[in-house]
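Note sheet for the following structure.
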Amino acid sequence: MSVQAFPGGRLLVTERTGEGLVFDPSGTPVREWESPFPASVYATDGTRIVAARSPYFVQLVGEDGSEPLLWELDTLGVPRAGLGTIRVPDIKYLAQLVNAGPVAVSDGVVYFAPLVRDEILRLDRTGSPVWHSSRGLIPLEREPRFAAGDVRRVEHALINIAMTVGPDHRLYVLGAQDSAATRLRLDVLDPQTGAIVDHRI
């Protein structure tokens, strides 16, 4: 699901079901750990490793609000500190969906973008927002909900799909131009203010 640079010239690979796998430069696996969430995606800048609920493999698992939004891990993959607070929706089994999203880390700074909300966040060391940015694409956002009918299906908007900090130190967010993600757009943000400085559709 993702590949990140890891200390010592190694690579950190996120597997589909959320496990972290570290490879040395020769391609030999040297370390593996279990996901701290039902499924995770990892970001690192070589000094910090952060796990978010995976936006690529979302499971319907209820939460009561006791878990953090993100986990900071040590280099062995052991959770060391929780960052931020999750949102518990009215339908608690949609908590993984509501709190999933891509994460990026650069120079010790953590950025998070919820999968189903038009929001991009820069977080401080405790997980509190320093700023939040929005594309203004969805005039009226609503919580995900189960669709009517015999088949279990969840109605939700896909907003933020992937995120990284580029070599120019700006934040790049791949998101949906519409709620079904049939068209994508790439937004470029100023990492200091959250202002959108460019975008491509």
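The values are calculated or read from the model by the stated rules, or taken from the named source; none is laboratory data. Nothing here was measured: the structure is a model prediction, and the numbers come from that model. Neighbour counts are summed over all protein chains in view; Cβ atoms, including those assigned to glycine, are modelled from backbone coordinates with ideal geometry. In case anyone asks, the SASA skips ligands and DNA or RNA and just uses the protein heavy atoms, side chains included. Shrake-Rupley method; radii C 1.70, N 1.55, O 1.52, S 1.80 Å.
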Checklist entry - Is segment 157-164 home to any residue that is at pLDDT 80 or above, assigned to a loop (DSSP other than H, G, I, E, B), open to solvent by 50 Å² or more (accessible area, probe 1.4 Å) and polar (S, T, N, Q)? => result no
Next on the checklist: Quick check on segment 44-59. Is at least one of its residues touching a helix residue (DSSP H, G or I) at 6+ places or on another chain (Cβ under 6 Å), open to solvent by 30 Å² or more (accessible area, probe 1.4 Å) and more than 21 Å from residue 167 (Cβ to Cβ)?
Outcome noted: yes
Item to check | Members of segment 30-48 found to be β-branched (Val, Ile, Thr) and over 20 Å from residue 115 (Cα atoms), listed by number | outcome: 30, 47
Checklist outcome for this item: Residue hits (segment 115-133; open to solvent by less than 50 Å² (accessible area, probe 1.4 Å) and in contact (Cβ under 8 Å) with a residue 60 or more places away in the chain) are 115, 120, 122, 131, 133
Checklist outcome for this item: Within segment 10-67, restricting to residues that are among the basic types (Lys, Arg) and within 19 Å of residue 102 (Cα to Cα), the one that is nearest to the chain's Cα centre (by Cα) is 53
Checklist entry - Could you say whether any residue in segment 99-114 is open to solvent by 20 Å² or more (accessible area, probe 1.4 Å) and either in contact with a Cys (Cβ under 6 Å, 6 or more places away or on another chain) or modelled with pLDDT of 90 or more (or both)? => result yes
Checklist entry - Can you tell which of 16, 87, 80 is basic (Lys, Arg), surrounded by fewer than 21 Cβ atoms within 10 Å (Cβ to Cβ) and not in a loop (DSSP other than H, G, I, E, B)? => result 80
